[in-house]
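**Student:** Quick one: this structure, given as structure tokens, is what I'll be asking you about.
The values are calculated or read from the model by the stated rules, or taken from the named source; none is laboratory data. In this text the structure is predicted, and so the values were computed from the model without any measurement. Methodologically, a virtual Cβ is constructed for each residue, glycine included, from the backbone with ideal geometry; neighbour enumeration extends over all protein chains shown. Protein only, heavy atoms only, side chains kept; ligands, DNA and RNA dropped before computing areas. Shrake-Rupley method; radii C 1.70, N 1.55, O 1.52, S 1.80 Å.
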Amino acid sequence: LSLNSIIVGRSLPQPSNSMSSQEIELKEAEVDALTIKWPSVDGAYRYTLEYRKAAVPQAYEHVYNTLSENLKVTEIRKKNLTDEKGEGFFFRVGIILGEGESPNEFLTHAEPFKLKRRTKIVCIGNESDALTVTWPSVPNAVAYVLQYRKATRPEFETLSESLTTTQVRKKNLEDLTQQGFMFRVRAVVETSHAVVLRSSQREAAKPTRDLDWVSHDKPFRLQPPSLEIYRMDPPRVSQAGYKIANVSWDKPGPQQLPRELREAHGLRYQLQMRPNVGGVAWKTIAPSVLGLQVKKKNLKSKRHGYMFRVRAAGKLTPFSLPSEVIVLTGRSSASQHYNSNNEDPSETNYDFSEHYSEAFDDSTENDYGEELAIREVSS
């Protein structure tokens, strides 16, 4: 079958319902594939299958791409689909009654079939009374609506209906049940569809619409207050050459370590990193470092910057708060002084390749206080 479609269905069944009640159905949605099915039609010899994106100008709504002109089955999986706008796809099935004939009727569906969203809200910071969450930016978004609730309650509360960033820190949280919190966000996007405005409206604002809610599977939990005393100070970050950052931190005092780690010989550290990009989680780049600094190479982003956090290895203590964001500059006379021959032998060097997309908007942070007043926090 053409266009990377895979037939997963059954042979053409026998009797079916009347044509008026028949419609194409969505059986399964994946992040890059849709499985559809339709009822068999009495007397049908073969089926044709076509599709198009839902987000097309009205003048092109009749233009479909052909997937097959000779189907015997009534279920199919279309792979390799991409839909950046999240508006979905329309399919139509043509009914062929005899060999060599063209379709004389079509089965369709009223609402577009949408791919499963691969994006989720990610928690990138938990304190004893605050959670920091982030989500991927959405193309053409003019605002985001963010809501939250306790995991023990069914109703969501709105934090903001006009966010313009993809990272938020919610403060002043209390959770006596220790069951955590659920967040959800949806984008308000500009659409190219025309709208009819009342004559009293002099200025024609660009039309917008709400996308589906995006959430997460498990509740985000606060850090137990008893563990906050073990949190290390944020690491310090500086540029150490082209695409290279030097990350260093202070050795925690005895009061910042549980008894098991105070007695350990040769304390080791776990270091994590993330780009300052909405929806990207922390990534461990050094699981067990013996020392107080690391040189991280191959930092490719020149636009968003990176942040780091550290803790004593062993999962007995919380991570530090994030470092300040460092945006690496390009080659310069200063950075060219750093090369492989000048590396400090006391530093640990990590040469992990980066896999983060550059196609994201910059992410700053909103800070919600007791009155839920929004203020911009510099990244």
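**Student:** Residue by residue through the stretch 30-49, note down the ones that are open to solvent by less than 60 Å² (accessible area, probe 1.4 Å), in a strand (DSSP E or B) and charged (D, E, K, R).
**Tutor:** Listed by number, the list holds a single entry, ARG46.
**Student:** Name every residue in the stretch 299-322 that is open to solvent by 50 Å² or more (accessible area, probe 1.4 Å) and closer than 22 Å to LYS243 by Cβ, in order of residue number. Before you say what the answer is, go through the steps one by one.
**Tutor:** Applying the first criterion (open to solvent by 50 Å² or more (accessible area, probe 1.4 Å)) to the stretch 299-322 yields 300, 302-303, 314-316, 321-322.
Answer for the stretch 299-322, where residues must be open to solvent by 50 Å² or more (accessible area, probe 1.4 Å) and closer than 22 Å to LYS243 by Cβ: LYS300, LYS302, ARG303, PRO322.
**Student:** Turning to a different aspect of this structure: Can you pull out every residue in the stretch 268-294 that is open to solvent by less than 10 Å² (accessible area, probe 1.4 Å) and either of a type in the set (A, V, I, L, M, F, W, C) or part of a strand (DSSP E or B) (or both)?
**Tutor:** Listed by number, the residues that qualify are TYR269, LEU271, MET273, ARG274, PRO275, VAL277, ILE285, ALA286, VAL289, VAL294.
**Student:** Follow-up question, since we're still on this one. From the residues in the stretch 177-211 that are at pLDDT below 80 and in contact with a Lys or Arg (Cβ under 8 Å, 6 or more places away or on another chain), which one is farthest from SER162 (Cα to Cα)?
**Tutor:** Taking the stretch 177-211 and keeping what is at pLDDT below 80, we get 191-211.
Pick out the ones that are also in contact with a Lys or Arg (Cβ under 8 Å, 6 or more places away or on another chain) and you get 191, 210-211.
Values: THR191: 17, ASP210: 12, LEU211: 14 Å.
Only one residue fits best here, namely THR191.
**Student:** Could you tell me whether VAL237 is modelled with pLDDT of 95 or more and over 30 Å from VAL189 (Cα atoms)? Explain how you work it out, then say what you get.
**Tutor:** Working: modelled with pLDDT of 95 or more: yes; over 30 Å from VAL189 (Cα atoms): yes.
Judged against the criteria, VAL237 is a match.
**Student:** Continuing with the same structure: Residue check: is VAL138 within 15 Å of the chain's Cα centre (by Cα), among the β-branched types (Val, Ile, Thr) and closer than 20 Å to VAL188 by Cβ?
**Tutor:** Values: within 15 Å of the chain's Cα centre (by Cα): yes; among the β-branched types (Val, Ile, Thr): yes; closer than 20 Å to VAL188 by Cβ: yes.
Considered against the rule, which asks whether it is within 15 Å of the chain's Cα centre (by Cα), among the β-branched types (Val, Ile, Thr) and closer than 20 Å to VAL188 by Cβ, VAL138 comes out as yes.
**Student:** Give the number of residues within the stretch 169-186 that are touching a Leu at 6+ places or on another chain (Cβ under 6 Å) and β-branched (Val, Ile, Thr).
**Tutor:** Residues in the stretch 169-186 being touching a Leu at 6+ places or on another chain (Cβ under 6 Å) and β-branched (Val, Ile, Thr): 1 in total.
**Student:** All but one of (1) at pLDDT 90 or above; (2) open to solvent by less than 40 Å² (accessible area, probe 1.4 Å); (3) part of a loop (DSSP other than H, G, I, E, B); (4) under 26 Å from ASP210 (Cβ atoms) hold for ALA110, so report the exception by its number.
**Tutor:** The one condition ALA110 does not meet is (2).
**Student:** Answer yes or no: is there a residue in the stretch 15-29 that is under 30 Å from THR191 (Cβ atoms), open to solvent by less than 50 Å² (accessible area, probe 1.4 Å) and at pLDDT below 95. Full working, then the answer.
**Tutor:** Start the filter on the stretch 15-29 by keeping residues that are under 30 Å from THR191 (Cβ atoms), which leaves 23-29.
Cutting the leftovers down to open to solvent by less than 50 Å² (accessible area, probe 1.4 Å) gives us 24, 29.
Filter once more, keeping what is at pLDDT below 95: 29.
So far as the stretch 15-29 goes, yes, one or more of its residues are under 30 Å from THR191 (Cβ atoms), open to solvent by less than 50 Å² (accessible area, probe 1.4 Å) and at pLDDT below 95.
**Student:** Let me ask another. Check whether at least one residue in the stretch 244-260 is among the hydroxyl-bearing types (Ser, Thr, Tyr) and open to solvent by 10 Å² or more (accessible area, probe 1.4 Å), and report yes or no.
**Tutor:** Restricting attention to the stretch 244-260, the residues satisfying the condition of being among the hydroxyl-bearing types (Ser, Thr, Tyr) are 248.
Then drop every residue that is not open to solvent by 10 Å² or more (accessible area, probe 1.4 Å), which leaves 248.
Scanning the stretch 244-260 turns up at least one residue that is among the hydroxyl-bearing types (Ser, Thr, Tyr) and open to solvent by 10 Å² or more (accessible area, probe 1.4 Å).
**Student:** Pull up the stretch 50-63, narrow it to residues that are open to solvent by less than 50 Å² (accessible area, probe 1.4 Å) and assigned to a loop (DSSP other than H, G, I, E, B), then point me to the one that is farthest from VAL31 (Cα to Cα). Lay out the reasoning, then the answer.
**Tutor:** The first filter runs over the stretch 50-63 and keeps only residues open to solvent by less than 50 Å² (accessible area, probe 1.4 Å), leaving 50-52, 54-56.
This time we only want the ones that are assigned to a loop (DSSP other than H, G, I, E, B), so: 54-56.
On the way: ALA54: 17, ALA55: 18, VAL56: 21 Å.
So the residue we want is VAL56.
**Student:** When only residues in the stretch 65-89 that are in contact with a Ser or Thr (Cβ under 7 Å, 6 or more places away or on another chain), assigned to a strand (DSSP E or B) and within 30 Å of ARG186 (Cα to Cα) count, which is most open to solvent (accessible area, probe 1.4 Å)?
**Tutor:** Selected residue: ARG77.
**Student:** Please go through the stretch 160-181 and pick out each residue that is under 20 Å from the mean Cα position of the chain (by Cα) and not basic (Lys, Arg). Full working, then the answer.
**Tutor:** At the first step, the residues of the stretch 160-181 found to be under 20 Å from the mean Cα position of the chain (by Cα) are 160-170, 181.
If the condition is that a residue be under 20 Å from the mean Cα position of the chain (by Cα) and not basic (Lys, Arg), then SER160, GLU161, SER162, LEU163, THR164, THR165, THR166, GLN167, VAL168, PHE181 are the ones that fit.
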